[in-house]
Amino acid sequence: MENPEIATVRISLPSKGRLAEESIAFLDACGLSIYKPNPRQYQATIKDLPGVTVLFQRPSDIVTSVRDGSVDFGLSGLDVIEERKGDNGDVLVLHEALGFGACSLALAVPETWNEVYDLASLGQYAATLSRPLRIATKYPVLTGRFLDKQGISYTLISAEGTLETAPAIGYADMISDLVSSGQTLRDNRLRPLEDGVIQPSQAVLIANHATLKSNPQALAVVRQLLEFIEARLRAKDNLSIFANMRGESPEAIAARMFTQQTIGGLNGPTISPIVVRDGDPNWYDVHIIVHRNELFAAITELRAIGGSGVVVTPVTYIFEEEPPRYKAMLAALA
Ligand code: PRP
């Protein structure tokens, strides 16, 4: 039996599909490494989040478990969350864009439907049929809601497993399914409609609303989770740059740096004197953070104003005063 002293907060992670490995890698990069003593076990712990039990479930089951409160937190795709979260507010989204698992729920038709390329032409095609259009999907709620707005006459065929084969086998005319690279559609001679995206998706962190209101330990866990997740996401596209530079004073060097486009730093550069063994004392070390995409420009600019010995390192975290999403969550609970 589980000891409530040891684990009173539960978080579910995907056990299968592309989100499974990426979720573990993401939490690891956030400094929240999962410890799973036995790969066949469906439970694990996070060393830096004591008192938390990690469970592994199918992405769709994660949403259901968070909704009914049998687990407190979950990491899953926005597609299944929107499909299954219900409309009574039991599921609260804590972070809506974890930056991985990007895909979209989209309508796709057989490649041979030459006349059908968007919703309007699909509607025209459907009107020529003597029966409703048959659409295979694992997402009846989102697909139905979307099609109702289009005024297309349809019937949904619920399917599990590989529904891309449904049109070829003949039990559906077309499909509504997740598309990421588009390879599975191409392999099955299907093509997405130009304006047929029903739900853009990526990995999202959710919580049970009632748990957050009643369980202070769960709130403390959210705070730490969001601290590390936000700090990591803020940092991951940035690089830390150190360079040596000569100048009359830190202010004189900063003035030179501010004439450039990319090397002004987040708030401004940090400039520290270098304690030279002998010789010219007017050497400084400048430190700035730049976006990864601006690295080459930054190095060029540093050189142009006399920078040398440039050292570049990745940035692990950038912490702000308080995680904005934690504040937003407190506001939502109040
Ligand atoms: C999804 C979806 C497609 C595939 C599309 O399946 O059902 O089969 O990904 O990806 P692509 O556009 O990159 O080819 P997933 O692997 O998530 O697992 P599932 O079959 O259990 O839904």
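The values are calculated or read from the model by the stated rules, or taken from the named source; none is laboratory data. This one's a predicted model, so the numbers in the text were calculated from it and none came from an experiment. All Cβ positions, even for glycine, are placed from backbone atoms using ideal geometry, and neighbour counts span all protein chains on display. Calculation scope for accessible area: heavy atoms of the full protein, side chains included, ligands and nucleic acids excluded. Shrake-Rupley method; radii C 1.70, N 1.55, O 1.52, S 1.80 Å.
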Q: Rank GLU301, GLU251, GLU82 by mean-square fluctuation in a GNM of the chain with C-alpha springs under 10 angstrom and give only the top-ranked residue.
A: GLU251
Q.
Using a Cα-Cα cut-off of under 13 Å, which aspartates and glutamates could be cross-linked to LYS16, ignoring same-chain neighbours fewer than 8 residues away?
A. ASP61
**Q.** Check: the chain dipole with +1 on Lys, Arg Cβ and -1 on Asp, Glu Cβ, in debye
**A.** 460 debye
(Q) Step by step: find N for the chain, compute 2.2 N^0.38 Å, then divide the Cα radius of gyration by it. What's the final number? (A) 1.30
**Q.** Sparse-neighbourhood loop sites, chymotrypsin sites (Phe, Trp or Tyr not before Pro) in segment 16-62 - DSSP loop, at most 15 other Cβ within 10 angstrom
**A.** TYR42
(Q) Give me log10 I(q)/I(0) at q = 0.14, 0.22, 0.26 Å⁻¹ for segment 238-314, Debye formula, one equal scatterer per alpha-carbon, no solvent. (A) -0.38, -0.93, -1.27
Q: Return the carbon/sulfur percentage of the accessible area of segment 238-314, one whole number, probe 1.4 Å, all protein chains in place.
A: 54 percent
Q.
If the elastic network links every pair of Cα atoms under 10 Å, which of LEU98, LEU226, LEU295 fluctuates the most in the Gaussian network model of the chain?
A. LEU295
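Calculate the FRET efficiency for ARG223 and HIS291 from the Cβ-Cβ distance with a Förster distance of 25 Å, rounded to the nearest 0.05. Walk me through the numbers before you get to the answer.
Working: r = 27 Å, r/R0 = 1.10.
The formula returns an efficiency of 0.35 here.
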Q.
Need one number: nm distance between label points at GLN150 and PHE100, each 7 Å from Cα along Cα→Cβ, rounded to one decimal.
A. 3.3 nm
Q | Set of segment 206-238 residues, backbone N closer than 11 Å to the point 7 Å along the Cα-Cβ line of ILE318 | A | 231-238
**Q.** Normalised contact order of segment 238-314, rounded percent, pairs of Cα under 8 Å and 6 or more residues apart
**A.** 48 percent
Q. Relative contact order for segment 103-200 using alpha-carbon pairs under 8 Å, separation at least 6, rounded to a whole percent?
A. 50 percent
Q. Averaged per residue, what accessible surface does the chain expose to a 1.4 Å probe, in Å²?
A. 51 Å²
Q | Globularity ratio of segment 1-94, using Cα Rg and 2.2 N^0.38 Å | A | 1.05
Q) For the charge dipole of the chain, defined by +1 on Lys and Arg C-beta atoms and -1 on Asp and Glu C-beta atoms about the Cα centroid, which residue among ALA166, THR128, ALA298 has the Cα displaced farthest towards the positive pole? A) ALA166
Q) Among the lysines, which fall within straight-line cross-link reach of LYS327, defined as a Cα-Cα distance under 26 Å, with same-chain neighbours fewer than 8 residues apart omitted? A) LYS47, LYS85, LYS213, LYS236
Q: For the chain, set up a Gaussian network in which alpha carbons nearer than 10 Å are linked by springs, and say which option among GLU96, GLU294, GLU227 fluctuates the most.
A: GLU294
(Q) Let me check against my output: what whole-number percent is the relative contact order of the chain, with C-alpha pairs under 8 Å and at least 6 apart? (A) 18 percent
Q. Of the beta bridges DSSP finds with both residues in the chain, what % are antiparallel, to the nearest 5?
A. 75 percent
Q) Based on the alpha-carbon gyration tensor of segment 103-200, what equivalent-ellipsoid semi-axes (square roots of 5 times the eigenvalues) come out, in whole Å, largest first? A) 17, 15, 14
Q. Using a 1.4 Å probe on the protein chains only, how many percent of the accessible area of segment 103-200 belongs to carbon and sulfur?
A. 50 percent
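Would you kindly state the longest site-free stretch of the chain, with sites defined as trypsin sites (Lys or Arg not before Pro) in a DSSP loop (not H, G, I, E, B) surrounded by at most 14 other Cβ atoms within 10 Å?
No qualifying site falls inside 48-188, the longest such stretch.
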Q | CD proxy at 222 nm, helix term only [per DSSP H run n ≥ 4: -39500 (n - 2.57); per residue of the chain; nearest 500] | A | -10000 deg cm²/dmol
Q.
Full-extension gain between ALA210 and ILE157, please, as 0.36 nm times their residue separation minus the C-alpha to C-alpha distance.
A. 15.6 nm
